[in-house]
1. Normalising by the residue count of the chain, find the relative contact order in percent from Cα pairs under 8 Å and 6+ residues apart.
2. Would you calculate the separation in nanometres between label points at ASP310 and ILE108, each defined as 7 Å from the Cα along the Cα-to-beta-carbon direction?
3. Quick one: which of LYS24/LYS345; LYS59/LYS85; LYS59/LYS123; LYS182/LYS234; LYS109/LYS159 span more than 21 angstrom between C-alpha atoms?
4. Grab the DSSP H runs of the chain that are 4 residues or longer, score each as -39,500 (n - 2.57), total them, divide by all residues and round the 222 nm result to the nearest 500 deg cm²/dmol.
5. Ordered by residue, what ³J(HN,Hα) values in Hz, to whole numbers, does the range 94-109 give under the Karplus form 6.51 cos²θ - 1.76 cosθ + 1.60, where θ = phi - 60° and Gly and Pro are x?
6. Taking amide H positions as placed 1.01 Å from N in the peptide plane, with prolines and chain starts having none, which residues 5 or more places from GLY300, or on another chain, fall under 5 Å of its amide H?
7. What do you get for trypsin sites (Lys or Arg not before Pro) in the range 44-118 restricted to DSSP loop and a cutoff of at most 15 other Cβ within 10 Å of the site's Cβ?
8. Within 10 Å, at most 13 other Cβ atoms, and a DSSP state outside H, G, I, E, B define an exposed site. Report the longest part of the chain free of exposed chymotrypsin sites (Phe, Trp or Tyr not before Pro).
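Every number in this text was worked out from the coordinates using simple rules, so none of it is lab data. What you see is a predicted model, and the numbers here were worked out from it, not measured in a lab. For neighbour counting, all protein chains shown are included, and Cβ atoms are generated from backbone atoms with ideal geometry for every residue, glycine included.
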Amino acid sequence: MRIFAFHLLNDYSGSPKVLSQLLKGWTKNDLEVHMVTCSGREGFLSNIKGVNYHYYTYKFAQNPYIRLINLTWSQKMLFWKMLLKVKKSDIIYINTVLPFGAAFLGKIKGCRTIYHVHETSVKPPILKNFLFGIVKWAATDVIYVSNYLAKQEPINTAKSHTLFNALEDDFFQCAKNNRSPKTALKNTLLVCSLKDYKGVNEFVELANRNKNNSFRLIVNATQIDIQDYFKDFKLTQNLEILPVQTNLHPHYNWADLILNLSRPDGWIETFGLTIIEGMAYGLPAIVPPIGGITELVEDGKNGYLVDSRDMNLLDERYKLLVNDNEKYQQMHHHALNRVEDFQEKTFISENIKILS
C-alpha cells in the first residue's frame, strides 16, 4: 500500500500536527508514505523519518485575492508534478479541504481518495462551496475530527468516519513526568493564531480586568507580526505575548488554566488540540459553547462553555475558577480523566482500519 498525503501549508498549527502523527504511525506500520506539501517552510511535517517528500510552491498572502491566486496556482503545479508519480492502486490522503489539486489527481487516476476534514469556517462562502463541492465530487471516504463537524458538513457521496484527534505518546509521557501541583491559580494561557476571530482582543481585555494574575498569549506568528498587530493596543504588564513556540510543554506546565476564545461568529472550533494538550497537564478549560470543542469540555465539570463576546460572563467564569480552589481541584482531576480518551495508539489503529 502506497499513501500520498497532501497538505497545503506546513507550519506549527493543529492540522499539520495531526497529519504528522499519522505519517509516523503509517511508517511504523510499514506503509510506503509520500508527503506532498509546500516548499521553503519548517513545520510539523518536516523531516519525518521514513517519509518520501515532494514539494511545490505556495506562499501565504494576507491579501485574500492574492492568496486565492497563489492557492489556485499551487494546486495546478501540484497536479502536474504528481500526475506521473501516482498510480491507480495508491491512496490519495488529503488533509484539510484546501489541496483540491490532489482531488483532481485522484479522480483522474481512479484512486481511492480520503479527505481528513478539520474545518467548517472557510471564507469567503464561494470558496467554501467550491472546496466542499470538490470533496463531494472526488472523495471516496471522509474523516471528520468531531461529531459536530460530521453533522455540519455531511458528504452523502462518500463513506463517513469520525476520528477524534489524539495526543502524541511522547507528549503524554512528558506531561505525566512534569506536571506540577496547581496551588496559586494565577497563570492563564491561550495558544492560537494571531487573528481577531480567535479571541485575541478578548484575551487582552481579560488580562486588563485581572491585573493581579499572569496571562500568556502564544501566537502562530513572528515577532514582527506581533508588533504590527498590537501597535495601537495599550497592553498591561501582566500580559506576555510570544511568537510561535516549537515546545509548548514549559508553557502548559506554567499555566493553571487553558483558554480557547474563538468567536462563534467568526470561527467555529471543530476540535481543539491545545485544549487536550492542556488537559494532559490537568488544566481546566474555558472554551466556546458551540462546535466540536464542546465534545471535549463538559460545562461545570472540566471547564466552562462561554461565548467570548460576552465579556462579563467570561470574566465571571474566569474568576470562579481561579478564586475557588476546591472547585478548581475538582475540575483539575476531571481534566486528567478526560484526556485519557485521546490516546495516540487508538487514533493510529482506527485510522489504519479506515485505510484497510
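1. This gives 13 percent for the chain.
2. Distance between label points: 5.2 nm.
3. Details: LYS24/LYS345 11 Å; LYS59/LYS85 24 Å; LYS59/LYS123 18 Å; LYS182/LYS234 30 Å; LYS109/LYS159 19 Å.
In this structure, LYS59/LYS85; LYS182/LYS234 exceed 21 Å between Cα atoms.
4. On the way: 13 runs with 144 residues, N = 356.
Only helices count here, giving -12500 deg cm²/dmol.
5. In residue order, the calculated couplings are 9, 9, 6, 8, 6, x, 5, x, 5, 5, 4, 4, x, 5, 5, 7 Hz.
6. Answer set, sorted by chain and number: LEU305.
7. LYS49, LYS59, LYS85, LYS87, LYS88
8. Values: sites that count: PHE60, PHE233.
Between the exposed loop sites, the longest stretch runs 61-232.
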